[in-house]
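Single-structure report; data block below.
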Amino acid sequence: YENEHADVKQDYCVQKAVENIKMEYRVINVGYGEHLYFFERQRNKANDGIVDNEINYIKVGGHSGLSKMSETLKKAFKKNNFFYGSADIVVTEDDKWTIVETANQYGGADIRTHFKYEIANKVVQLLVKMAKDDIDHLN
């Protein structure tokens, strides 16, 4: 049951809890923050201004504030032992930001295939490296 549609369940919508949202991001974390992928959430007119399943995510980089946000997120993912997953983040007009949701997946249907391949490739590489490190540690 989709609870993010405006006409269904308003109290779950971040727009009702956080005022003056300027930007929304889905940040995909791989390897305790070793690799972070920022995707800007692009809204469409059909979703009443509230997030829905027909979202388009566009990979971004170089926006002011993302570098500092990245460092904070890397520390948080590592400290919380969060190897892989996503965080939905909102940024307000006065450049304050917060995490509104975390998940052990990232809603890949809304992300272009070549990015999904790149992310999966990094996950596998890091898992293989971790397994090798564990084996080397035993020897």
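Taken together, the values in this text are just the output of simple stated rules run on the coordinates, not laboratory data. Please read all numbers here as calculations on a predicted model, not as lab measurements. Reconstructed Cβ throughout: ideal geometry from the backbone, glycine too, with neighbour counts over all protein chains shown.
Excluding residue 106 itself, what net charge comes from residues whose Cβ is under 10 Å from its Cβ, given Lys and Arg +1 and Asp and Glu -1?
Taking every Cβ under 10 Å from that of residue 106, the sum is 0.
So, by mean Cβ neighbours within 10 angstrom, what's the order for 27-37, 91-101 with the highest one leading?
Details: 27-37: 20.5, 91-101: 13.3.
For the peptides 27-37, 91-101, the packing ranking is 27-37, 91-101.
Would you mind checking the pairs 79/116; 22/122; 78/132; 79/122; 59/122 and listing those with alpha carbons more than 23 angstrom apart?
As for pairs spanning more than 23 Å Cα to Cα, those are 79/116; 22/122.
Provide the FRET efficiency to the nearest 0.05 for the residue 58-residue 130 pair, computing r from the beta carbons and using R0 = 35 Å.
With a Förster radius of 35 Å, E is 0.70.
Could you work out the local net charge near residue 96, counting Lys and Arg as +1, Asp and Glu as -1, over the other residues with Cβ closer than 15 Å to its Cβ?
-3
Any idea what the dipole of region 80-119 comes to, in debye rounded to 20, about its Cα centre with Lys/Arg Cβ at +1 and Asp/Glu Cβ at -1?
Result for region 80-119 is approximately 260 debye, rounded to the nearest 20.
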